[in-house]
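No value in this document is a laboratory result; all are computed from the given coordinates. It should be emphasised that the depicted structure is a prediction, and the values quoted were computed from it without experimental measurement. Reconstructed Cβ throughout: ideal geometry from the backbone, glycine too, with neighbour counts over all protein chains shown.
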Amino acid sequence: MNTQHSVEEPILKYAADIGSLGPVTIVGSRTQWDVGGLPSPGSREIRAPAGVWSHQPEEMTVRCGAGTSIRELNEECSRFGQMVPFDLNPEATVGGALAVGRSGFRRLRYGHIRDLVLQIRHVDHSGLLVTSGGPTVKNVSGYDLCRLLVGSLGKLGCIAEVTLRCLPIPETTLWLTGTGDPFEIYNELYRPPSILWDGDQVWVGLEGVKSDVESQAALLKLDQTDSPPPFPEGGRRSLEPKALRGLVERSEGWLAEIGVGVVHYTTPQVPEPLSDPNKRLMSELECRLDPRGRLNPGRQLVAT
Amino acid sequence: MVPVSPDKPLLDELRSIIGDRARAGDFELGLYGKDGSVLEGRPSIVCLPVSTEEVQQIVGACRRHERPFIARGSGTGLAGGAVPVGDPVVIATAKMNKIIEVDLDNRVAWVEPGVLNLDLTTQLKPLGFHFAPDPSSQQVCSIGGNVATNSGGPHCLAYGVTSSHVAAIEVVLPDGTVTLLGDLTPEPAGYDLRGLFIGSEGTMGIATKIAVRLTQNPPEVRTLLLDFSDVRDGAAAVSAIIAEGLIPAALEMMDHRAIEVVEAFVNAGYPTEADAVLLVELDGLAGGVASGVEIVRRVADAHRVGNVRVAADDAERALLWKGRKNAFGAVARIKPDYYLHDTVVPRGKLVEVLEKVYRIADEYDLIAINVFHAGDGNLHPILAYDAREPGVLERVHAAGKAIITASIEAGGVLSGEHGIGLEKRDYMGMLFSEHDMTTQDLVREAFDPDGFANPLKVLPSGSRCSDSFGQHVPEGAWV
Ligand SMILES: Cc1cc2nc3c(=O)[nH]c(=O)nc-3n(C[C@H](O)[C@H](O)[C@H](O)COP(=O)(O)OP(=O)(O)OC[C@H]3O[C@@H](n4cnc5c(N)ncnc54)[C@H](O)[C@@H]3O)c2cc1C
């Protein structure tokens, strides 16, 4: 018998809605709707349940429905001085953010959002619930399906409920900007949350206790500013951190995350091709976990 | 009539690939039948490749002869993951132990799987970096083994376990294809095969090269030893520290018996009269460390702490850690054998579950010693025993099952860092439904439809095709 916590009513309803027949598309807040291609016409649109079901501040974990907005999640967490550093449009849903699997601009410090996931309950192609991971902050029981589902665009299963790790909200946050070599800045600082560069200007986000933020800021000849710049939303590339040095000419608008390798562009970018063996493994996963291709059809991770 | 060994054709082929690094029949092979657990299997052929190409050819030969294979690192695993069952060819990575490249611009290092965890950190330290996962076995365990078990360690409380520190893995897949899972970019295209492979205990292929992420060495480190006259106060202080919004770099606990054996072994100046000690480490920039020390002191005071010892220098700090890291070896002073458990419970349940662990040990007439990663609720009860006592292993196993049951009833999980392997395979159903496990098996099958890689591990046999190579459980093994 499965002794993990009981299943919330709305999850059962979500599973029944997905059922076992016909193509379905899970709708979040449509903030990253076109990633991976638009859903095939004619598939039923379904929303994942919303609600923060349990927040255990002393465990620093939170469990919510996949349809919960990042705003609602962080409002709950902040009541106890905690946060889940998604750093996306606050209207985005938690499930949508995880299904798309793009990290936020403080990744340099907090890692990929994938690493915040402790447990996922998803509805599979036959309308059945599957639980993977575990509710505790550390766990290696069984295969890590949670990591597989993050960034899967809902094609291997529909995320229903997630348990996430929370982090303490830092005492002080400071943004700086100016000109300077972003790579030198990176080498100067100790585990900064964010260094952004558009080819001319740099922005540095610092967090921590006040004295540390001040001492780190004092290492840099930059001016204080309110926030990071707006992120270009036309396209996105994923490069090796050191390849960012090659991004010199400002022929088009871009903003690079130094030390991470994500580059935000104003214009659409072509995704990197997959190697043949990886393509094969991914197709094998798709045909085993969704043999009839009914989950989020139209979205594509593995180009044919 | 004892004709040529049925292994001969395969062995001949393996020798044509790697010469006398393919071994069979010699006495020392017995070592490859075990890992750090009490389980034991029967190795008949052992290969010691030096390159990806050799691993690929060995896997190819295994396929042609319809023989499964098993990857082996240093054999320190505690769940029987590296114990050969179903007569696999053992592919040991011990000779693939080169640090290939330290790429500071990308902050990664490329290593071969047999590189020992601590050897990498030792090499990185002068450059200002380290590899964050630091299992207590780090002097001897391999990075390939760390990847396969998704290892943790004391400092994973703040830094995260292995999966957060691995960018890419070159893998020889069970069909002999070589591929790279993940890459050095932040968002590789497609599904996260890298994340899936990590923790798959050798059942999805053999890691032959690994790109690990480097972590900056902290500018400031403070290590504190807090003693409590009641273990319950110590355990309650653990959750209270975290509830303050402080995540120390490490937060370890030792109970009275652990303190006694460790102190007798390493003379670290641990307070032998205490009922429990907490070893707390704070690291980072000076201000955060200082404020962390204050929070720890305040919370500890509120929980009736006795003495608070702050390591004055690196030497004292190393001494305090030496006690913690040698705890398992020290146990040999009370009993020749021990069984090391690994479960996780919510931090708030530590007191309750610890009390149950003591009761269970009493009930089965065993000695329980607790040294563990308290900060993330990761219990490591050690059951000390003397294997020469008749019937003792049955009691050890029964007590172990009771501890796992108690942890899961408290809202915990089967394993925090040692993995499932063979040891906990048949307990998977305590945490997962049949359908959960079937789904996990479907995922495994995408990598290894014929069950060639490390057969009979992780999932209970019977969940689909994992029993293609027979279910023989070797003498002395317990599953
Ligand atoms: C005293 C002691 C303390 C320990 N402390 C900790 C701790 O703090 N944290 C922790 O997490 N663990 C700990 N362990 C457990 C163990 O050290 C880890 O699990 C370690 O990662 C195993 O590495 P290994 O090289 O010994 O792997 P092995 O035991 O050789 O193998 C473990 C598993 O990995 C697979 N494997 C090995 N290499 C590869 C490869 N190249 N490709 C694919 N699969 C492979 C094997 O098939 C097997 O399933 C401890 C063990 C001991 C004995």
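Once each of the trypsin sites (Lys or Arg not before Pro) sitting in a DSSP loop with at most 13 other beta-carbon atoms within 10 Å is removed, chain A keeps A:80-220 as its longest stretch.
Partners of A:Lys279 within straight-line reach, counting lysines whose Cα lies under 17 Å from its Cα and excluding those fewer than 8 residues away in the same chain: A:Lys155. Report summary: the helix-based calculation at 222 nm, which adds -39500 (n - 2.57) for every DSSP H run with n ≥ 4 and divides by the residues of chain A, gives -6000 deg cm²/dmol. Neighbours of B:Ala274, meaning other residues whose beta-carbon lies under 15 angstrom from its beta-carbon, give a summed charge of -4 when Lys and Arg score +1 and Asp and Glu score -1. Straight-distance candidates among the aspartates and glutamates for linking to B:Lys8, with alpha-carbon spacing under 16 Å and chain neighbours fewer than 8 residues away dropped: B:Asp20, B:Asp26, B:Glu66, B:Asp87.
Each Lys or Arg adds one and each Asp or Glu takes one away; over the other residues whose Cβ falls under 12 Å from the Cβ of B:Ala243, this sums to -2.
A P(r) calculated from all alpha carbon pairs of chain B, with 10 Å bins opening at zero, reads 4, 20, 29, 26, 15, 5, 1, 0 percent. Looking at the range B:220-328, the DSSP beta bridges with both ends there are about 100 percent antiparallel.
Axis angle, to the nearest 10 degrees, between helix B:286-302 and the longest C-alpha principal axis of chain B: 70 degrees. Once C-alpha pairs closer than 8 Å and six or more residues apart are averaged by separation and normalised to the residue number of the range B:220-328, the relative contact order reads 45 percent. In percent, rounded to a whole number, the relative contact order of the range B:99-216 is 32, using alpha-carbon pairs under 8 Å and six or more apart. The range B:178-235 and the range B:361-424 have Cα centres separated by 24 Å.
Principal axis analysis of the Cα atoms in the range B:334-409 yields extents of 38, 20, 15 Å, listed in decreasing size.
Computed as a quarter of the hull surface, the mean projected area of the alpha carbon convex hull for the protein assembly as shown stands at 32.4 nm². Specify the longest stretch of chain A that does not include any exposed loop site, a site being one of the GluC sites (Glu not before Pro) with a non-H, G, I, E, B DSSP assignment and at most 13 other Cβ atoms within 10 Å. It runs A:1-232. Site pair B:Ala264 and A:Ser283 shows an inter-label distance of 6.4 nm when each label is modelled 7 Å from Cα along Cα→Cβ. The largest-to-smallest principal axis extents of the Cα set in the range B:67-201 are 45, 35, 27 Å.
Separation of the range B:44-90 from the range B:122-150 is 23 Å, based on Cα centroids. Hey, what angle do you get for helix B:434-447 against the long axis of chain B, alpha-carbon based, 0 to 90 degrees rounded to 10? Helix B:434-447 sits at roughly 60 degrees to that axis. By the gyration tensor of its Cα atoms, with a ≥ b ≥ c the square roots of the eigenvalues, what is the shape of chain A: rounded for a/c under 1.5, prolate for a/b over b/c, or oblate? Note, shape of chain A comes out oblate.
Convex hull volume of the Cα atoms of the range A:172-265, normalised per residue: 88 Å³. Taking each DSSP H run with n ≥ 4 as -39500 (n - 2.57) and averaging over every residue of chain B yields -9500 deg cm²/dmol at 222 nm. What whole-number distance in Å separates the alpha-carbon centres of the range A:24-94 and the range A:220-240? Between the Cα centres of the range A:24-94 and the range A:220-240 lies a distance of 24 Å. P(r) for the range A:59-100, from all Cα pairs and a bin width of 5 Å, is 6, 25, 37, 22, 8, 1 %, short bins first.
Computed from the Cβ-Cβ distance with R0 of 35 Å, the FRET efficiency linking B:Arg64 to B:Thr438 stands at 0.70. Checked against a 21 Å cut-off, the cross-linked pairs B:Lys98/B:Lys322; B:Lys34/B:Lys95; A:Lys138/B:Lys349 give Cα-Cα distances beyond that limit for B:Lys98/B:Lys322.
If you plug the beta carbon distance of B:Asp12 and B:Asp450 into 1/(1 + (r/R0)^6) with R0 = 30 Å, you get a FRET efficiency near 0.85. Computed from Cα atoms, the angle from the helix B:314-325 axis to the main principal axis of chain B rounds to 60 degrees.
Take every pair of alpha-carbon atoms less than 8 Å apart whose residues are at least six positions apart; their mean separation over the length of chain B yields a relative contact order of 16 percent.
Taking 20 Å as the straight-line reach from the Cα of B:Lys335, the lysines in range (excluding those fewer than 8 positions away in the same chain) are B:Lys325.
Comparing A:Gly28, A:Ser43, A:Val202 along the charge dipole axis of chain A, the residue lying farthest to the positive side is A:Ser43, per the Cβ-charge model. Each Lys or Arg adds one and each Asp or Glu takes one away; over the other residues whose Cβ falls under 13 Å from the Cβ of B:Gln216, this sums to +2.
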